[in-house]
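Remarks on the structure that follows.
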Amino acid sequence: MFPWYRTITPDQWRVLAAAKLGWMLDAMDFMLYAMAIGQLRTYFGFNDATAGLLGTVTLVMSGVGGVLFGYLADRFGRTRALMGTILVFSFASLGASTSQSILQLLLWRALLGIGMGGEWASGAVLISETWPAAHRNKAVSIMQSGWAIGYITAALMAALILGAPGAGPEAWRWLFVVGVLPAFFTLWIRRRVPEPAAWKQGGAKATGVNPFRVIFGRRLLSRTLLITLLGASAQFAYWGVFFWLPAFLARPIDQGGAGMGVVGSLGWIIPVQIGAYFGYLTFGFIADRFGRRPTFVFFMVAAAALVLIYGQMARSPMVLLVLGPVLGYFGHGYFSLFGSFVAELFPTSVRATGQGTSYNIGRMAGAIAPYTIGAVATLPGIGIGLALGLTSAFFLLAACLIFTLPDRSGQELEA
């Protein structure tokens, strides 16, 4: 009798707001590094392979964070774990601003990765256990769209700070200082976001279950491994493209880039992320209409084709204007599958551990993408644009792997 959004309670909306804003701020803190790569390369004197390695280390540690905070969320609560992750990545960004060497920068970025991976694991489970089954896909899509807003925020901060008149060679430090601001968001979460009833009634804290023994046990082992492989394929493809996108747009054409310059490239990143926002946001609604797996396959195949075209044709403002938002839409939207899809495959007592571990070990495997693309781009005659095409194979692999797992869309979560 009512539109779906009028059936959602205030507590459920607050849970969604907490998870979405947490993910948005997480994205902002992570992408500040990608925006500052040019200045960091000059300041510390490293090459593309090292720049990619720093990104890879952050992503590997985000896998560690997902496993760690998934376990903590099962033991101590989803909301508490969410607050902990935000504090970790916020203060790690502040710490990175003090770096005096590549090693110090690497250590701070590694710590930021732990918070980054933990945030997704905590927030996605919090939504899945709080929202009605019929609207779970929509809620996760709305949450996931926060990443694009965070990406855009990072680009705007970089334009304001790095592109300001008189900005010196250490302007990147102030960019990282901005990353501490999300810490204040935890004060609101603590007051307004309760733990889900499902966790209170059946969490690992109450049952004393060893969650790792369960998810790697006989009943769930194959499922855990397949989710891991699916996540690895999708995230290799994603990070291979979008970690290097700012550098690709800024780099001169004779070096395989789009020739937009550092400040100019930021203006073209925003249309890509606007497309990403709508990709994240609409995926769940499309999946409810046509099915989750067919929608995922459509997005992955479209992304594979667009990466090949974009890497070779994005040399003029018109092409960037047309292709950028479309690449953003299909190159991001499929991530809205994972939050609800994976949560539905594990019981309550081990849900956060199962989701955090399987998805984030996959992220660790996919984390080699920034280094791989950076290394391939340095080969004679390749360049960054051609190297991006390598990711298309991984988009297609993920499209195939989705059929190896059951789809429990619209069903109640397993107790």
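Summing Lys and Arg as +1 and Asp and Glu as -1 over all other residues whose Cβ lies under 12 Å from the Cβ of L105 gives a net charge of +3.
Axis of helix 48-76 versus longest Cα principal axis of the chain: the two differ by about 10°, to the nearest ten degrees. The modelled label-to-label distance for the pair F285/T7, using points 7 Å beyond Cα in the direction of Cβ, is 1.7 nm. Take every pair of alpha-carbon atoms less than 8 Å apart whose residues are at least six positions apart; their mean separation over the length of the stretch 4-404 yields a relative contact order of 28 percent.
By the beta-carbon count within 10 Å of each Cβ, the least crowded to most crowded order of W23, W108, fewest first, is W108, W23.
Extents of the chain, largest first, come to 59, 44, 42 Å (Cα atoms, principal axes, whole angstrom).
Ordering S145, S101 by the number of other Cβ atoms within 10 Å of each residue's own Cβ, fewest first, gives S101, S145. Fewest neighbouring Cβ atoms within 10 Å first, the residues Y33, Y43 line up as Y43, Y33. Helix-only estimate, please: 222 nm mean residue ellipticity of the chain, summing -39500 (n - 2.57) across DSSP H runs of length 4 or more and dividing by its residues, to the nearest 500. Result for the chain, helices only: -24500 deg cm²/dmol.
The R190 and L308 beta-carbon pair, evaluated with R₀ = 35 Å, returns a calculated FRET efficiency of approximately 0.15.
Just so you know, all these numbers are worked out from the coordinates, no wet-lab data involved. Computed from a predicted structure; not experimentally measured. Reconstructed Cβ throughout: ideal geometry from the backbone, glycine too, with neighbour counts over all protein chains shown.
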